[in-house]
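Heads up, the thing below is written out as structure tokens.
The values are calculated or read from the model by the stated rules, or taken from the named source; none is laboratory data. Small disclaimer: the values here were computed from a predicted structure and weren't measured. Every residue, glycine among them, receives a Cβ derived from its backbone with ideal geometry; neighbour counts consider all protein chains shown.
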Amino acid sequence: MNKISILWVDDEVDLLKPHIIFLEGKNYKVTTCKSGQEALDFLKTTSVDIVFLDENMPGISGLETLSEIKVIDSSLPVVMITKSEEEFIMEEAIGSKIADYLIKPVNPNQILLSLKKNLDHSRLVSEKTTANYQQEFRKIAMDLSMINTFEEWVELYKKLIYWEMRLEDIEDNSMFEILESQKTEANNHFGKFVDRNYMDWFQGDGPVMSHTLFKQCIEPELGETPTLLVVIDNLRYDQWYAFEDIVSNFYKKTKENSYFSILPTATQYARNAIFSGLMPLDMEKKFPQWWKNDIDEGGKNLHEKDFLEAQIKRLGLTIKWEYHKISSLKQGKQLSQNFRSQKENDLTVIVYNFVDMLSHAKTEMEVIKELASNDKAYRSLTQSWFKNSPLLDIIQQAQSLSMKLIITTDHGTINVKQPSRVIGDKETSLNLRYKTGKSLTYEEKEVLAAKNPEQIHLPRINVSSSFIFAKNDMFFAYPNNYYHYVSYYRNTYQHGGVSLEEMIIPFVVLSPK
């Protein structure tokens, strides 16, 4: 194996001999230069792995040398070594993207630590992460057989996301595959748990759900401070974590709760439930002019503002509020340009549809299939969108207006991989993760079935209608043209069914920095 090569630049290089002997004893190759210019001439013809650079040298200074080194090779790690503790030197060095900053006198172990941190970091992190997950794997496997409350499922799901995001940054694919199989097993157990308990949640002992979210979680946050509520459609927990750091530049998190989407985990059901404070069966009964069932023509989410207005009145809230739905870049920019007009509101609600559009585009467009081929890429694409979206600009403006910020969603989504055969009549709904209709034929072990929809507060299309919900990463496929259909929809992001990713979703309250 080739030795790691170090270039050490210091006008008092003779004093470094003990350090050099120590490093050569550790199998490093050390080359020395006495000036910045000598170092630059050397680097133009010879490659090294890392540079130790004295800040205070005759001729061109260490900071000037640093700038020139970055021109020669912007990715070369440079460790600045200086006698000075002046703040401006530190700021200049950090601003020039140094790899480390050491104050003289340095001891050999400081040098060794800096080398390991910068050159061996990936291997050390990978080994530690793998070892830690192997230990955690056994604990998660034991927990899976004993979990019996929705609180425990939230905790376990967050733990799986944590390890997923840790393992994706290391090069050990075998560990990632083990985690994927553990997620699948967890979803199998979760499907059984929901099957046993979902109906009972409506008796008062269940988690916060879509239809209780506004009353239990949003209303208590309304008060003296103007509040911006952002509902990002179709946002999974891991996608929130992917751009949480960006939001934290402007806001600090004061509360993070999880709540459960109702079934079906689909926009027309879950988001209407948030804004109405009602389950779909009650929406159909109380507001038949606004509610549409799956086979009804027309948009299913055209009356969110009306539902919200009715809920606000029902709760007796005397607040000034506005509602905005953003479904395009143009709409987002328009709201951003005029956002300061919202500062007089007690509550400003924004429904942002980008993530939902992204998941549908992945199904329909090959280029998006390539860009979001797995969960890691899907997170990355969401983060890239958020960084460059009008929504981030709106959040920045909200911070400058001292508005409280709430970020949540209506349901998550899952990458579907396994087809499940289903047969229904021509009036059966089209969703891939749930079906409602009469005379449905299906594989019982692959679904959660609601033969009496009223028991879970869902309306019937007709007298003999039932609902079925796909579990884990299943998606429903008809026998006709089966293989073409399966090939088209496999590895796409869908929602409406029963999975950790779809049902357990974030509710985050933040205050301006």
Worksheet item: Given the structure, is Phe193 in contact (Cβ under 8 Å) with a residue 60 or more places away in the chain, surrounded by 14 or more Cβ atoms within 10 Å (Cβ to Cβ), among the hydrophobic types (A, V, I, L, M, F, W, C) and farther than 28 Å from Phe386 by Cβ?
Response: no
Worksheet entry | Tabulated pairs, region 101-121, first small (Gly, Ala, Ser), second surrounded by 13 or more Cβ atoms within 10 Å (Cβ to Cβ), C-beta under 9 angstrom, 6+ apart or interchain | Ser114/Ile50; Ser114/Phe52; Ser114/Val79; Ser114/Ala99; Ser114/Asp100; Ser114/Leu102; Ser114/Val106
Practice prompt. Please indicate, with yes or no, whether at least one residue in region 289-305 is touching a Phe, Trp or Tyr at 6+ places or on another chain (Cβ under 7 Å) and touching a residue at least 60 places away in the same chain (Cβ under 8 Å).
Written response: no
Fill in: Residue satisfying all of: in region 114-167; at pLDDT 80 or above and not in a helix (DSSP H, G or I); farthest from Asp200 (Cα to Cα) among these
Ser145
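Conditions (1) in contact with a His (Cβ under 8 Å, 6 or more places away or on another chain); (2) of a type in the set (Val, Ile, Thr); (3) without any contact (Cβ under 8 Å) to a residue 40 or more places away in the chain, marked per residue:
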{"residue": "Ile140", "(1), (2), (3)": "no, yes, no"}
{"residue": "Lys158", "(1), (2), (3)": "no, no, no"}
{"residue": "Glu185", "(1), (2), (3)": "no, no, no"}
{"residue": "Asn188", "(1), (2), (3)": "no, no, no"}
{"residue": "Tyr198", "(1), (2), (3)": "no, no, no"}
{"residue": "Pro220", "(1), (2), (3)": "no, no, yes"}
Worksheet, complete the sentence: Across region 345-373, the tally of residues that are at pLDDT 85 or above and either part of a loop (DSSP other than H, G, I, E, B) or surrounded by fewer than 20 Cβ atoms within 10 Å (Cβ to Cβ) (or both) stands at 3
Worksheet item: Does any residue of region 54-63 turn out to be out of contact with any His (no Cβ under 8 Å at 6 or more places or on another chain), exposed (fewer than 14 other Cβ atoms within 10 Å of the Cβ) and more than 24 Å from Gln110 (Cβ to Cβ)?
Response: yes
Item to complete: Tell me which of these Phe22 doesn't satisfy, since it passes every other one: (1) assigned to a loop (DSSP other than H, G, I, E, B); (2) in contact with a helix residue (DSSP H, G or I) (Cβ under 7 Å, 6 or more places away or on another chain).
Response: (1)
Practice prompt. Considering (1) among the hydrophobic types (A, V, I, L, M, F, W, C); (2) surrounded by fewer than 17 Cβ atoms within 10 Å (Cβ to Cβ); (3) under 30 Å from Pro390 (Cα atoms), say which one Met199 fails and leave the rest.
Written response: (3)
Worksheet item: Counting only residues that are crowded, with 18+ Cβ neighbours inside 10 Å and either among the aromatic types (Phe, Trp, Tyr) or over 21 Å from the mean Cα position of the chain (by Cα) (or both), how many does region 148-175 have?
Response: 4
Worksheet item: Taking interchain pairs and intrachain pairs at least six residues apart, which have beta carbon atoms under 9 angstrom, with the first residue in region 382-401 and modelled with pLDDT under 95 and the second basic (Lys, Arg)?
Response: Thr382/Arg236; Pro390/Lys333
Practice prompt. Determine which member of the set Val463, Val486, Val508 is farther than 27 Å from Glu297 by Cβ, among the β-branched types (Val, Ile, Thr) and not in a strand (DSSP E or B).
Written response: Val486
Item to complete: Determine if region 213-229 includes at least one residue that is outside any strand (DSSP E or B), more than 30 Å from Gln397 (Cβ to Cβ) and acidic (Asp, Glu).
Response: no
Fill in: Meets criteria (within 20 Å of Lys325 (Cα to Cα) and of a type outside the set (Phe, Trp, Tyr)) for Thr254
no
Worksheet item: Of the numbered conditions (1) farther than 22 Å from Asp410 by Cβ; (2) among the basic types (Lys, Arg); (3) surrounded by 14 or more Cβ atoms within 10 Å (Cβ to Cβ); (4) under 27 Å from the mean Cα position of the chain (by Cα), Lys513 satisfies every one except a single condition; which is it?
Response: (3)
Worksheet entry | Number of the condition not met by Thr492 [criteria: (1) over 26 Å from the mean Cα position of the chain (by Cα); (2) touching a residue at least 60 places away in the same chain (Cβ under 8 Å)] | (1)
